[in-house]
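Peer 1: One structure follows; several queries about it will come next.
The numbers here are math on the coordinates, done by the rules we state, and not lab data. None of the values given here were measured: they were computed from a predicted structure. In this analysis, Cβ positions are derived from the backbone assuming ideal geometry, glycine residues included, and neighbour counts consider all displayed protein chains.
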């Protein structure tokens, strides 16, 4: 880096949700901001999210909806910029939206409305947005930073890293943010795929014969990643399990651990079979299962987990297994199918109010690159908005 650098007050690396929010916030405070995106378009993950309609926040968002080694870290930013704040911005731009379920808010039409809104917010702050700014190199110069890129060199007193995680590499995901953290002596918690389908192996791979079948279940995790349970849809795939319940649980699951599925939460499936006048036959068993599950799944469960006899004790044991069916997935489908990345920049190295690195004044980390991972349903976008605003108000 030897040529003359263009000078700004703030350089933001990454033109995703967090980066644009931060740049707009800082620019509207009168800061001169450069936003550098390494691919040819900003907001790519916004555009594909929510089936192209962007699940942009969740009305029920709170710190308990996030995973992190420091479970308290997200509290400050989320308290100061919550769902209602972003919704006010959406309403100000006249973007039509609806609540789908469980507090999830979506655009009525296209996710491009959110990207256009953020770009307009950046324009109001006179942010200079540069795409295709790859080959990024960063070095400390005095009290500030110098950034080299394919689009030239830039200098600023503040540098915000909003480069995202490793999920969906075909959208341009890279490990740049983690490299920069390590460059400045900041610990990185091992990134891993989150909100991701799980793969079954061995005898459990027989379940993939039901690919395409879905059911409402409750999925529980009890391993080292934490105890959690989610009652939503589970979808059988040609590799294993997916659907909202599995995606949620996958963020807590670790390789080698069990995942417990309740196939009929809150329902006494075999109760009728245990009455004195009941016909206790395989046909009656399958009918009882078909009353609460898709036909093919009911048949499969009857074959795989039918009672060892027709005594009350045998039926009770079968009932208990239906509510506590333990699986041991062999893997996830990886970053290519993961909606987000868990792990990342250690929050203990950051100021929770500003996102500034404690050991590197002027250096900030926001969004997915940080070890804060939300549940499925708009929570990760809310973290992007909240952390972006926190840094944008501090730079």
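Peer 1: What's the extension gain from residue 139 to residue 274 if we count 0.36 nm per residue and subtract their Cα-Cα distance?
Peer 2: My answer for the length gained is 41.4 nm.
Peer 1: While we're here: Normalised by the residues of segment 198-332, what does the relative contact order come to in percent, with Cα pairs under 8 Å and at least six apart?
Peer 2: With pairs under 8 Å counted, the relative contact order is 29 percent.
Peer 1: Can you match semi-axes √(5λ) of the Cα gyration tensor in Å to one of these, (i) 38, 23, 20; (ii) 47, 20, 17; (iii) 32, 27, 20, based on a calculation from the structure here?
Peer 2: Matching the structure shown: (ii).
Peer 1: A further question follows. For segment 198-332, state what percent of all Cα-Cα pairs lands in each successive 10 Å bin, counting from 0 Å until the bin that includes the largest distance.
Peer 2: Pair shares across the bins are 13, 43, 31, 12, 1.
Peer 1: When the Kirkwood radius is taken over all Cα pairs of segment 293-351, what Stokes-Einstein diffusion coefficient follows at 25 °C and 0.890 mPa s, in µm²/s?
Peer 2: Translational D for this selection: 157 µm²/s.
Peer 1: Using only Cα atoms and rounding to the nearest 10 degrees, what angle (0 to 90) does helix 379-392 make with the longest principal axis of the chain?
Peer 2: Roughly 20 degrees, rounded to the nearest 10.
Peer 1: For the chain, find the longest principal axis of its Cα atoms and tell me its angle to the long axis of helix 295-305, 0 to 90°, nearest 10.
Peer 2: 70 degrees
Peer 1: Could you let me know the centre-to-centre spacing of segment 337-395 and segment 23-54, using Cα atoms, in angstrom?
Peer 2: 15 Å
Peer 1: Using the alpha-carbon atoms, what tilt in degrees (0 to 90, nearest 10) does helix 83-92 show relative to the longest principal axis of the chain?
Peer 2: For helix 83-92, the angle is close to 60 degrees.
Peer 1: Identify the residues of segment 350-370 with backbone N under 15 Å of a label point that sits 7 angstrom from the Cα of residue 187 along the Cα-to-Cβ direction, or state none.
Peer 2: Under cut-off, by backbone N: 350-351, 358-359.
Peer 1: Measuring from centroid to centroid over Cα atoms, what is the spacing of segment 279-312 and segment 108-180 in Å?
Peer 2: One Cα centre to the other: 55 Å.
Peer 1: Hey, what did segment 109-180 get for relative contact order, percent, Cα under 8 Å, at least 6 apart?
Peer 2: 17 percent
Peer 1: Output the peptides 189-197, 245-253, 292-300, 266-274 sorted from most to least packed, where packing is the average of other Cβ atoms within 10 Å over each peptide's residues.
Peer 2: Peptide ranking by packing, descending: 245-253, 189-197, 292-300, 266-274.
Peer 1: Need one number: % antiparallel among DSSP beta bridges in the chain, to the nearest 5.
Peer 2: Taking every DSSP beta bridge with both residues in the chain, the antiparallel ones total about 75 percent.
Peer 1: List the relative contact order of the chain as a percent without decimals, with contacts defined as Cα pairs under 8 Å and 6+ residues apart.
Peer 2: The normalised contact order for the chain reaches 24 percent.
Peer 1: Also, I was wondering about something else. Kindly state, to the nearest 0.05, the FRET efficiency for residue 316 paired with residue 171, given R0 = 56 Å and r defined as their beta-carbon distance.
Peer 2: 0.70
Peer 1: For the pair residue 70 and residue 179, how long in nm is the line joining their label points, each one 7 Å along Cα→Cβ?
Peer 2: 2.6 nm
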